[in-house]
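**Q** Structure provided below as structure tokens; questions to follow.
FYI, it's all coordinate maths here, none of it is from the lab. This is a predicted model, so every value here is computed, not measured. Glycine gets a Cβ as well: all are built from the backbone with ideal geometry, and neighbour counts include every protein chain shown.
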Amino acid sequence: MSSIFEENEEKLRKLKDVKTLMDLYKTTREYKQQVKEQGILSLIINKITEELLEQIEPYYTSSIIKNIQIQTQFKEEKGTVEVNSKIDLKASLKPYVEFTVEINGTKSFLMRFIFQIETSAHVTKLKFTKNADEGKSIHVEKIGINIELFLLRIEFLDFDTSNTDISLDKKMKLGSKSFDIHDLSLYAESRNKKQQQ
């Protein structure tokens with residue numbers, strides 16, 4: 001996800017609130033060394049990416065469990081279940097990241113960046129195996145994933161005056177990434193095997 005942001009650094013750098021945030025980071029004692037080492041925008045992008053991933057991981061995990069619809073025939077033989085069709089998943093999420101600025105220990109203002117993440121994934125040919133000697137395993141022939149990232153809105157809230165300013169209120173595409181994973185296998189050791197060791 002950070003690569004999507006990095007590809008759009010110039011677009012982000014031109015936004016008024018991003019400029020303000022960059023200026024604020026320059027003045028803080030805590031981040032002065034980091035700012036010199038990696039650049040202010042990179043630091044902000046890393047913080048945004050970290051927060052977005054923290055918010056979306058639990059959502060996508062539960063979403064995958066709830067939303068996968070299998071339209072296929074099951075082929076079962078000797079503790080193995082094989083799913084031969086394509087499984088599709090589409091999910092849309094609108095996470096946000098907030099930066100709160102404190103001056104002399106008092107919250108002064110807040111900047112909120114609201115994003116939209118569109119994800120589609122497809123899984124081809126799943127094989128579940130349960131074997132007393134070997135344990136459980138899952139083999140996936142192919143997983144294809146597409147992620148699109150948009151910045152929807154930037155809000156600025158002044159705590160002193162309680163005024164809110166919206167500097168961006170349109171869907172701005174930051175980028176997309178697609179990738180495939182082939183022949184993925186996950187294994188869990190059986191209890192019998194653990195006891196033998």
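**Q** Please compute the modelled spin-label separation between Leu110 and Glu57, points set 7 Å along Cα→Cβ, answer in nm with one decimal.
**A** Computed distance between label sites Glu57 and Leu110 equals 2.4 nm.
**Q** What ³J(HN,Hα) values, in whole Hz, does the Karplus curve 6.51 cos²θ - 1.76 cosθ + 1.60 give for the range 20-25 when θ = phi - 60°, with x put for Gly and Pro?
**A** Once θ is set to phi - 60°, the couplings for the range 20-25 become 4, 4, 4, 4, 5, 4 Hz.
**Q** Listed here are the pairs Lys107/Lys171; Lys14/Lys107; Lys11/Lys94; Lys94/Lys170; Lys125/Lys173; which of them are more than 22 Å apart at the Cα?
**A** Lys107/Lys171; Lys14/Lys107; Lys125/Lys173
**Q** Also: Subtracting the Cα-Cα distance from 0.36 nm times the residue separation, let me have the gained length for Phe159 to Thr100 in nm, one decimal.
**A** Once the chain is fully extended between Phe159 and Thr100, it gains 20.2 nm.
**Q** List the residues whose amide H sits under 5 Å from the amide H of Phe159, counting only those 5 or more places along or on another chain, with H placed 1.01 Å from N in the peptide plane.
**A** Phe109, Leu110
**Q** Now, a different point. Given a Förster distance of 30 Å, report the FRET efficiency between Arg13 and His122 from their Cβ-Cβ distance, rounded to the nearest 0.05.
**A** 0.30
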